[in-house]
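> I'd like to ask you about the structure that follows.
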Amino acid sequence: MEGQGPGAEMPSLGRLRGFAFDLDGTIWAGPTLLPGAGELVEGLRSEGLAVVFATNSSRHGARILADRLTAMGVRAGERDVLAAFDLVAEEITRRLGRVRVMALATPDMDELLAAAGHEVVGVDDWPRAQAVVVGNDPAFDFGRLRAASRAVAAGAAFFAVNMDPRYPVAADTFDPGCGALAEAVATAAEVRPIVIGKPFAPLFERTLERLGCSAGEAAMVGDSLGSDVDGARAMGMFTVWIDGRGEADRGDAARADMVARNLPELHRIWQNQRKISGMTPQPAQ
Ligand SMILES: [Mg+2]
């Protein structure tokens, strides 16, 4: 699909069966729910469309994020959220079976790996690791970098939750992201990681499974061109860039199938195209 640039309205949006939303910068900004998020999500659901939230989260899994959405006023259960954090254990199983894994991440990651049947290996025990996972590790230091990079250089499979350079903690404040830590390991080990999060394929593949539709029937809505839009486009999904800062005139907006300034604008466009497509439900008799 060719990008249509800002303001363009392609009727195909009205025919889609599933919508995936990024969280940070799209549904919420730090502790604040962004305007129109609840109305749009409920509007889509009320017409029987599938909605999931697809996030690169490297610190929290679906349960915590779903609770947070619900507390903010967007009804969500654990099955409605796909977090890169949760998917890494499954991806290791898919590729390697149950193995010995060393994780540079929050302690929750060790629990997740163990629950998935992997044996968790401590940093001092790095020569036994068959796989190394880098998440968002607040205890990251020289010793942990050394252990992870030696294990990967010695042949352990290398997984990163995502490659985001920064982890937003509040407006205008960030922590180093999972990608910053994974790049340090990759540089020292001279091995590139298998990445779960956007723009890489695993998170999108699981998102489409959860939506229950093909890539051509689903939209990805997000505020990041490099992660949400480019990744979803490579999968063949319809892409909506939420251009909250009004940067569309820079020209790279053409990377997305559609650009909206915010969720209320997207909601209006979707309602209009739904009517044009003749998909509006018949009134009850
Ligand atoms: Mg985002």
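> Please tell me if ALA66 is out of contact with any Pro (no Cβ under 7 Å at 6 or more places or on another chain), touching a residue at least 12 places away in the same chain (Cβ under 8 Å) and not assigned by TED's automatic domain parsing to the domain that holds LEU23.
Values: out of contact with any Pro (no Cβ under 7 Å at 6 or more places or on another chain): yes; touching a residue at least 12 places away in the same chain (Cβ under 8 Å): yes; not assigned by TED's automatic domain parsing to the domain that holds LEU23: yes.
Considered against the rule, which asks whether it is out of contact with any Pro (no Cβ under 7 Å at 6 or more places or on another chain), touching a residue at least 12 places away in the same chain (Cβ under 8 Å) and not assigned by TED's automatic domain parsing to the domain that holds LEU23, ALA66 comes out as yes.
> Further question on the same structure: Is it fair to say ALA232 is under 25 Å from the mean Cα position of the chain (by Cα), hydrophobic (A, V, I, L, M, F, W, C) and modelled with pLDDT under 95?
In short, no.
> Name the pairs: first residue in the stretch 88-111 and loosely packed, with under 15 Cβ neighbours inside 10 Å, second residue among the charged types (D, E, K, R), Cβ to Cβ under 9 Å, at least 6 apart or on different chains?
Every condition considered, the pairs that remain are GLU90/ARG206; ARG98/GLU119.
> Still on this model: With the condition kept exactly as written, say whether any residue in the stretch 16-30 is under 30 Å from GLY251 (Cβ atoms) and away from the ligand (no atom under 16 Å from the Cβ).
Yes: the stretch 16-30 contains one or more residues that are under 30 Å from GLY251 (Cβ atoms) and away from the ligand (no atom under 16 Å from the Cβ).
> Checking TRP241 against (1) farther than 24 Å from ALA29 by Cβ; (2) without any contact (Cβ under 8 Å) to a residue 60 or more places away in the chain, which test does it fail?
Result: TRP241 fails condition (1) only.
> OK, next. Condition check: part of a helix (DSSP H, G or I), more than 19 Å from ASP22 (Cα to Cα) and modelled with pLDDT of 95 or more. Does VAL132 satisfy that?
Considered against the rule, which asks whether it is part of a helix (DSSP H, G or I), more than 19 Å from ASP22 (Cα to Cα) and modelled with pLDDT of 95 or more, VAL132 comes out as no.
> Could you check how many residues of the stretch 63-74 are surrounded by fewer than 22 Cβ atoms within 10 Å (Cβ to Cβ) and on the phi < 0 side of the Ramachandran plot?
Here the count works out to 8.
> Please find, among ARG63, ARG68, the residue that is in a helix (DSSP H, G or I) and either within 15 Å of TRP28 (Cβ to Cβ) or within 16 Å of the ligand (Cβ to nearest atom) (or both). Break it down into steps so the answer makes sense when it comes.
Numbers: ARG63 fails: either within 15 Å of TRP28 (Cβ to Cβ) or within 16 Å of the ligand (Cβ to nearest atom) (or both).
Just a single option satisfies the conditions, and that option is ARG68.
> Still on this structure, please answer the following. Of everything in the stretch 15-60, what is surrounded by fewer than 24 Cβ atoms within 10 Å (Cβ to Cβ), assigned to a strand (DSSP E or B) and touching a residue at least 24 places away in the same chain (Cβ under 8 Å)? Give them in sequence order.
Answer for the stretch 15-60, where residues must be surrounded by fewer than 24 Cβ atoms within 10 Å (Cβ to Cβ), assigned to a strand (DSSP E or B) and touching a residue at least 24 places away in the same chain (Cβ under 8 Å): GLY18, ASP24, TRP28, ALA29, LEU33, ALA50, VAL51, VAL52.
> Cβ contacts < 6 Å: first residue under 18 Å from GLU111 (Cα atoms) and in contact (Cβ under 8 Å) with a residue 60 or more places away in the chain, restricted to the stretch 76-87; second residue aliphatic (A, V, I, L, M) and assigned to a loop (DSSP other than H, G, I, E, B), any location; separation 6+ or different chain. Result?
ALA84/VAL161; ALA84/ILE196; PHE85/VAL161; LEU87/ILE196
The values are calculated or read from the model by the stated rules, or taken from the named source; none is laboratory data. Computed from a predicted model, the values in this text were never measured in an experiment. Glycine gets a Cβ as well: all are built from the backbone with ideal geometry, and neighbour counts include every protein chain shown.
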